[in-house]
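Novice: Have a look at the structure that comes next, please.
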Amino acid sequence: MRRSAEDRLGKLRSVHRATRRGVVVPLVFAMGLLVLASFLGATADGLRGLLLSLPFSLACFALLAIPALRRRGLCIEVHDGGLVVLQGRARAVVVFEDVDEIWLVLDRRSSPAGDMAIICAVRLVEHGGAEHTVPLDVELGYEITRHIVRHCSLPLAADAEQALRAGETLTFGKVRIDAEAILLGESRAAWKDLRLVRMQPGRIAFFRGQTLIPWRTISLDKVPHPTVFMSLVRACATRIEDDDPLGAYTK
């Protein structure tokens, strides 16, 4: 008889709770916005202005405050063989051996040091089609990402490279690659014809014929198992340039 998901989770490794920044900062900002909007309405037209601005102010407050309040109860349990995501009264159990695909949810930001692609969540798709989103706005969220990749993606890397060498075509969402070329829809580029492949924050740029304007750019949140995809691109491309000094960070 097949064991239940709970029995297949294995030993508990760590517990990660929502960060104070992810809860307190949005709440403070929402409260400040509510007070400011109410003050401006009252200043502009007294009580009438306050009453007119209040619905808009409350709507903005709810838009920012409700997700933060929900995040307050967020807790992720990391086990040897899976995860338990606790959020409010909801409890989701994900066993790694049931996972078919992992997808990154990225938040792109610019800073004086350069562009960043922050991994704010990981979406897990099971073999049966069920989906689970693992928020990473928790303490040491990057450790959860590494644990997921280590168990769900890394075991596929060696077989994927072997399949390419055997002449197979591998599919990553809307992207297909084989040992000779990369295909995006009806567009195809042979690896030998690519002048440069540039690894950028959260994306890969492919240059054909010149190195100024990309032939195509693939965002890493648009392909399943992005670490496996990146590994295969590195194995196939003739010239790789890393333009990602900050890398991908979790909140």
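The values are calculated or read from the model by the stated rules, or taken from the named source; none is laboratory data. Quick caveat, the model's predicted, so the values are computed rather than measured. Glycine also receives a Cβ, built like all others from the backbone with ideal geometry; neighbour counts cover every protein chain displayed. Accessible surface areas use protein heavy atoms only, side chains included; no ligands, DNA or RNA. Shrake-Rupley method; radii C 1.70, N 1.55, O 1.52, S 1.80 Å.
Novice: With the crude spin-label approximation of a point 7 Å out along Cα→Cβ, what separation in nm comes out for residue 97 versus residue 158?
Specialist: 1.8
Novice: Long-range amide H contacts for residue 195: which residues qualify at under 5 Å (H placed 1.01 Å from N, peptide plane, sequence gap of 5 or more or a different chain)?
Specialist: Under 5 Å from the amide H of residue 195 lie the amide H atoms of 207, 208, 209, 210, each far enough along the sequence or on another chain.
Novice: As a test, work out the antiparallel percent of DSSP beta bridges whose residues both lie in region 122-240, rounded to the nearest 5.
Specialist: Values: 24 of 25 bridges.
Antiparallel bridges: around 95 percent, rounded to the nearest 5.
Novice: Would you compute, for the Cα atoms of region 128-193, the largest minus smallest coordinate along each principal axis and list the three values in descending order, in whole Å?
Specialist: Each principal axis gives a Cα extent; for region 128-193 these are 44, 28, 25 Å.
Novice: Under 37 °C and 0.692 mPa s, how fast does region 83-122 diffuse according to Stokes-Einstein, given a Kirkwood radius computed over C-alpha pairs? Answer in µm²/s, whole number.
Specialist: Reported coefficient: 258 µm²/s.
Novice: For region 163-248, just the Cα atoms, rotate onto the principal axes and tell me the three extents in Å, largest first.
Specialist: 34, 28, 22
Novice: Ignoring ligands, DNA and RNA, what accessible area per residue does region 163-248 give at 1.4 Å, in Å²?
Specialist: 51
Novice: Something else about it: Once the piece of chain linking residue 219 and residue 108 is laid out straight, how much longer is it, given 0.36 nm per residue of separation minus the C-alpha distance between them?
Specialist: Working: separation 111, 0.36 × 111 = 39.96 nm, distance 1.08 nm.
This chain segment gains 38.9 nm when fully extended.
Novice: Now for a different question. If 127, 151 are ordered by their accessible area, calculated over protein heavy atoms with a 1.4 Å probe, which sequence runs from highest to lowest?
Specialist: Numbers: 127 120, 151 75 Å².
Greatest to least solvent exposure: 127, 151.
Novice: Quick one: the Cα spread of region 90-241 along its three principal axes, in angstroms, biggest first?
Specialist: Ordered largest first, region 90-241 gives principal extents of 51, 44, 24 Å.
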